[in-house]
């Protein structure tokens, strides 16, 4: 994978970010999806742009996008794209959202790119080649205890008054142990922040593939540990994720896994 190829992917992510910022300034329509999730015309236009741009960069590649996937995995190579992760934030004017792009070859995820257009931050990971923020190498937090870590999580959109589909006991236990808990509303950015050492760890269940793919590679290449939610490893069918710096991984996982539903 050449530097020019990676630069083209980053440029595509940045141009999609400009689309999101344009709609944010001029206004956009908002519709409801399943549960408590929104979709906007900005999501749809960002995905349409990225489909054309990325498949042009890699002729013959296929595309999995949040707003258009039919549920069938294509043959590699293919792109996994969330054109706007953090749509609820975006719709409410909260400046924490991003574009997430992953490229999959026959061996798995080989490239991840997460772009935050509000803060002009672009996180990139190459399989076997490290993780970077705006071109500079990044590493996970050096924390060796939960007391030294800020961790993050998310709450499922599928929650209802009768079933929150979320283990509050796990959250409560972390609240008593860590320096802080954040819930910012974009799983992709939460994983990027974990890769950059801002968070010591992140966990969330009931995620989709496009929420996690780029972030999984980022955390791994930054020296972190990753698995599916209450799973031994992570794969394309995982329904959630848990990731952290190695220094807190064992205890982090014990807290999450000790309270199965």
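The values are calculated or read from the model by the stated rules, or taken from the named source; none is laboratory data. Please read all numbers here as calculations on a predicted model, not as lab measurements. So basically every Cβ, Gly included, is an ideal-geometry build from the backbone, and we count neighbours across all protein chains shown.
Some values worked out for this structure:
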{"read-out": "Out of 216, 151, sole residue that is outside any loop (DSSP other than H, G, I, E, B) and either without any contact (Cβ under 8 Å) to a residue 24 or more places away in the chain or under 23 Å from residue 68 (Cβ atoms) (or both)", "value": "216"}
{"read-out": "Failed item, numbered, when residue 230 is tested on (1) touching a helix residue (DSSP H, G or I) at 6+ places or on another chain (Cβ under 7 Å); (2) touching a residue at least 40 places away in the same chain (Cβ under 8 Å)", "value": "(2)"}
{"read-out": "Test: residue in region 56-65 that is surrounded by fewer than 21 Cβ atoms within 10 Å (Cβ to Cβ), in contact with a helix residue (DSSP H, G or I) (Cβ under 8 Å, 6 or more places away or on another chain), over 26 Å from residue 132 (Cβ atoms) and modelled with pLDDT under 95", "value": "no"}
{"read-out": "Any chance residue 223 is in contact (Cβ under 8 Å) with a residue 40 or more places away in the chain, surrounded by fewer than 21 Cβ atoms within 10 Å (Cβ to Cβ) and outside the structural domain of residue 110 (by TED's automatic domain parsing)", "value": "yes"}
{"read-out": "Out of 171, 177, sole residue that is within 21 Å of residue 230 (Cα to Cα) and in a loop (DSSP other than H, G, I, E, B)", "value": "177"}
{"read-out": "Failed item, numbered, when residue 132 is tested on (1) within 17 Å of residue 184 (Cβ to Cβ); (2) free of Cβ contacts under 8 Å to residues at least 12 places away in the same chain", "value": "(1)"}
{"read-out": "Candidates 247, 228 - the one that is touching a strand residue (DSSP E or B) at 6+ places or on another chain (Cβ under 9 Å) and not assigned by TED's automatic domain parsing to the domain that holds residue 102", "value": "228"}
{"read-out": "Out of 125, 131, 143, sole residue that is surrounded by 22 or more Cβ atoms within 10 Å (Cβ to Cβ), touching a helix residue (DSSP H, G or I) at 6+ places or on another chain (Cβ under 8 Å) and either outside the structural domain of residue 65 (by TED's automatic domain parsing) or over 24 Å from residue 14 (Cβ atoms) (or both)", "value": "143"}
{"read-out": "Test: residue in region 125-134 that is closer than 14 Å to residue 193 by Cβ, in a loop (DSSP other than H, G, I, E, B) and under 15 Å from the mean Cα position of the chain (by Cα)", "value": "no"}
{"read-out": "Count of region 53-109 residues which are over 18 Å from residue 25 (Cα atoms) and in a loop (DSSP other than H, G, I, E, B)", "value": "18"}
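Matching residues to (1) at pLDDT 95 or above; (2) at negative phi:
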{"position": "36", "(1), (2)": "no, yes"}
{"position": "71", "(1), (2)": "no, no"}
{"position": "108", "(1), (2)": "yes, no"}
{"position": "112", "(1), (2)": "yes, yes"}
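Residues are listed down the side, and each one gets a yes or a no for (1) over 20 Å from residue 206 (Cα atoms); (2) touching a residue at least 40 places away in the same chain (Cβ under 8 Å); (3) surrounded by 13 or more Cβ atoms within 10 Å (Cβ to Cβ); (4) touching a strand residue (DSSP E or B) at 6+ places or on another chain (Cβ under 6 Å):
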residue	(1), (2), (3), (4)
41	yes, no, yes, no
44	yes, no, yes, no
72	no, no, no, no
75	yes, no, no, no
100	no, yes, yes, yes
